[in-house]
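Here the structure comes first, spelled out in structure tokens, and everything after it is commentary.
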Amino acid sequence: MCKYPLCMAKKKKTEAKKTETKKKKAKKAKKAKKAKKAEVHSIEEANGSGLPRGVDEGKIQKLRNALRYFYDLQKLRIQSGNRAAKQAEPAKLDPDDKAFLDRTSDGLNALEKDAWKELKRLLKGVPIWEQWLKHERGCAETMGALIIAYFNPHIASTPSKFWAFAGLSVDNTTGKTICRKRGEKAPFNPWLKSKLIAVLGTNLIKAGSETEAKTDKAGRKRKARKASEWYKTYVGRKHRREHQMVEVCMGCNGTGSRAKVEREEEVDPGEKKSRTQTECWNCNGTGGPAPWGADKAHRELDARRYAVKMFLLSLWREWRALEGLPVRPPYSEEKLGMAPHSAA
């Protein structure tokens, strides 16, 4: 007897199952879309267009454009300065060549200053800048424009969303910072992360250190000032990491030796840098126990990154309160019962 009718019945059954799953998926997507629309509607009700006070969509675009323009000019000014110095070799510059390069460099400096003034103009009247950001040592106009142009407290319902967008969040499975992967789109803004860590992080540390009353070379009197909250956060984190001992050295993975790469000045032009196995400088060749981290630079970057994260946490709190939005404690305090970073 032919089995064809049975095959047809099976085929119809599988097709019916497929259509049913498709319908379920479509229904689920429709429900999610509705929920998203409702969320957006509630944000708009909370504050006009769902944007921070004193800023509209046009102003954000202007801020981003002015900020990128400022960094373009800064990059060009640095490149032209290098052209007049190291990159001029093997060409030998005479006084006329140097005078020309100096003139163009002065012109680029003036343009960069004008671009900075434009940023300053656009920041006027923005509440978060006037009431909080400009009073924080280490956060000047450029960083203020960067923060206002790229962060939105109406979208970030928790401080961890600020961290995730800036590439400062931690992978819950590995416990390590989320990094870029080859062939995959980054789940954060890499350009924003580089500016926050390399520029804002160093500025918070440099401008936040404790200084004594003194008179500078120009004869101006400088008042004594105490260390800022962010400098204390940085120093406290670094101190804890230096005294946190781990059983297996993170620099050599317990082997006691690690590769050392030759410096640029030690290598002839055109030759590859050689790697030599030397005694691990983090654990002095013992393999452990050793201080947390691969080396001093690792602990330094970790402390700087932590200071930036705590700065963004305080920014989120202040900005949400200023916008009249609910402010909740961070996960570490609310769920884990840990002490706030200032008391840690």
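Name the residue that is surrounded by the fewest Cβ atoms within 10 Å (Cβ to Cβ), counting only residues in the range 274-301 that are polar (S, T, N, Q) and touching a Cys at 6+ places or on another chain (Cβ under 8 Å).
Per the stated criteria, the residue is THR286.
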Pairs returned, first residue in the range 55-74 that is in contact (Cβ under 8 Å) with a residue 12 or more places away in the chain, second residue that is among the hydroxyl-bearing types (Ser, Thr, Tyr) and open to solvent by less than 80 Å² (accessible area, probe 1.4 Å), beta-carbon separation under 7 angstrom, 6 or more apart or interchain, are PHE70/THR142
Check every one of the helices (runs of 4 or more DSSP H) wholly within the range 150-258 and list those with 2 or more residues that are out of contact with any Lys or Arg (no Cβ under 9 Å at 6 or more places or on another chain). 159-165, 190-195, 229-242
Do you know which residues across the range 302-344 are open to solvent by less than 40 Å² (accessible area, probe 1.4 Å) and in a loop (DSSP other than H, G, I, E, B)? GLU323, LEU325, PRO330, HIS341
Conditions (1) under 17 Å from the mean Cα position of the chain (by Cα); (2) over 24 Å from GLU141 (Cβ atoms); number of the one not met by ARG182: (1)
Out of all the residues in the range 167-176, which are surrounded by 11 or more Cβ atoms within 10 Å (Cβ to Cβ) and either without any contact (Cβ under 8 Å) to a residue 40 or more places away in the chain or within 18 Å of ALA140 (Cβ to Cβ) (or both)? GLY167, SER169, VAL170
Spot the failing condition for ALA32; the list is (1) closer than 30 Å to TRP319 by Cα; (2) at pLDDT 65 or above; (3) open to solvent by less than 70 Å² (accessible area, probe 1.4 Å), and only one is missed. (2)
Out of everything in the range 199-220 that is surrounded by 11 or more Cβ atoms within 10 Å (Cβ to Cβ) and among the hydroxyl-bearing types (Ser, Thr, Tyr), what residue ends up being modelled with the lowest pLDDT? THR211
Go through the residues of the range 68-86 one by one and say whether even a single one is exposed (fewer than 12 other Cβ atoms within 10 Å of the Cβ), among the acidic types (Asp, Glu) and modelled with pLDDT of 70 or more. no
Residue in the range 315-340 that is farthest from SER169 (Cα to Cα), counting only those that are in contact with an Asp or Glu (Cβ under 9 Å, 6 or more places away or on another chain) and touching a residue at least 40 places away in the same chain (Cβ under 8 Å): ARG328
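The values are calculated or read from the model by the stated rules, or taken from the named source; none is laboratory data. Since the model is a prediction, treat every value here as computed from it, not as a measurement. Backbone-built Cβ (ideal geometry, glycine too); neighbour counts: all protein chains shown. The protein model used for the area step is the full one, side chains on, heavy atoms only, and it has no ligands, DNA or RNA in it. Shrake-Rupley method; radii C 1.70, N 1.55, O 1.52, S 1.80 Å.
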